[in-house]
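Please treat every number below as a calculation from the coordinates, not as lab data. Worth saying up front: this structure is predicted, and the values here are computed from it rather than measured. All Cβ positions, even for glycine, are placed from backbone atoms using ideal geometry, and neighbour counts span all protein chains on display.
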Amino acid sequence: MMTDKPSVTIIGLGSMGQALANAYLEAGHPTTVWNRTAAKADALVARGATRAATVSDALWASDLVVLCVLDYAAVDGLLAPNADMLRGRVLVNLTNGQPEQARRTGEWATAQGAEYLDGGIMAIPSMIGTPEAFILYSGSQTAFDRYQAALEVLAVPNFVGTDAGLAALNDLALLSGMYGTIAGARHATALIGPERAAEFTTSLLIPWLQAMANVLAPSSTEREAGDIPSEESPLDMQAIALANIVEASRSEGVGEDLLAHLLTPMRDIIAAGEGDVLTDLVDAIGKEIRS
Ligand SMILES: NC(=O)c1ccc[n+]([C@@H]2O[C@H](COP(=O)([O-])OP(=O)(O)OC[C@H]3O[C@@H](n4cnc5c(N)ncnc54)[C@H](OP(=O)(O)O)[C@@H]3O)[C@@H](O)[C@H]2O)c1
């Protein structure tokens, strides 16, 4: 079937790569796929994808190449032996990594004659192609502009800058917020216990977290993101709550490590400020936990 949609190659067909390839097939893009374990391409080929026998063939097949593998060791291992195939390609690397790894790969790919876009996928595979999914991009603005419509097939594209490391930086920052929130939520349900965890999560925890997310909004007091306004909720009051969480977790047999480490910086902040009898309390609990 003839189409004016650009051909796309997907290299890496793990959970995420499969979702990306499926989205392109569904949107009618001629789609070439390659995966180290070739059998993972079978279902996609049955749906109309073209199987590339080698990475070199995969790079040759499309001007737009999306790479989504486990880590940068895999990225390097796949690209380095095929450097001569990169000329004229737009390489979109959606592999999770650090800003420096993205910059290094971007410089290297550009030196081979490719245009480079680094990306951070802010979605799980089942969200790909839905309006909730977004992908952060950084690197070549011209490549982004040229392929924006094709990138929209995967998720809402958000170009964050021409420094190739910026997508990874923003991705890791967002994941930091996510891991902290999810770890805190797991601690909360552990305290509540397995029988009530599901009901507690739906009726109390999610609405509470949504309400608390408003604390992150910039305010006239220009507090740091995540700070609870001290004029409304003084730090020494919060320190008591935190110390109570640590003690209650201990009594309930729930590991306190996740939250206990916050006591030390809180103690330091209190000590640096007005000074308070609570400093001693927090200090004592902190010392006991560390011993
Ligand atoms: N899954 C998610 O929820 C999610 C969300 C956002 C971002 N991401 C990112 O997407 C990327 C892929 O994640 P995934 O969920 O698809 O992981 P995955 O299911 O574990 O798949 C890993 C992929 O990397 C390939 N691979 C690993 N080592 C390789 C090597 N040395 N040489 C060639 N290929 C290699 C695997 O090939 P084989 O099949 O041969 O093992 C497979 O295609 C990661 O960077 C991840 O952080 C994932």
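Helical runs (DSSP H, four residues minimum) scored at -39500 (n - 2.57) apiece and divided by the length of the chain put the mean residue ellipticity at 222 nm at -15000 deg cm²/dmol. Note on I206 and A271: the model spin-label points, each 7 Å out from Cα along the C-beta direction, lie 4.2 nm apart.
At full extension, A149 and E100 could sit 14.9 nm farther apart than now, given 0.36 nm per residue minus the alpha carbon distance. For the chain, the fraction of C-alpha pairs more than 29 angstrom apart is 49%.
Packing, as the average of other Cβ atoms within 10 Å across residues, places the peptides 172-183, 147-158 in the order 147-158, 172-183, highest first.
The Rg/Rh ratio of the range 1-158, with Rg taken over Cα atoms and Rh as the Kirkwood radius over Cα pairs, comes to 0.92.
If packing is taken as the average count of other Cβ atoms within 10 Å, what order do 56-67, 124-135, 5-16 fall into, highest mean first?
Highest mean packing first, the order is 5-16, 56-67, 124-135.
Distance from the alpha carbon centroid of the range 26-90 to that of the range 107-131 works out to 13 angstrom. With the simple spin-label model, which puts each label point 7 Å out from Cα in the Cβ direction, the E252 to V156 separation comes to 3.5 nm. Each Lys and Arg adds +1 at its Cβ and each Asp and Glu adds -1 at its Cβ; summed about the Cα centre, the chain shows a dipole of about 1360 debye. About its Cα centre, the dipole of the range 1-153 is roughly 260 debye, where the only charges are +1 on Lys and Arg Cβ and -1 on Asp and Glu Cβ. Sorted fewest first by neighbouring Cβ atoms within 10 angstrom, T95, T50 come out as T50, T95.
Within the range 93-133, what residues put their amide N at less than 15 Å from the label point 7 Å along the Cα-to-Cβ vector of Y179? Answer for the range 93-133: 96-99. Note on E132/L70: beta-carbon distance plugged into 1/(1 + (r/R0)^6) with R0 of 25 Å gives a FRET efficiency of 0.55.
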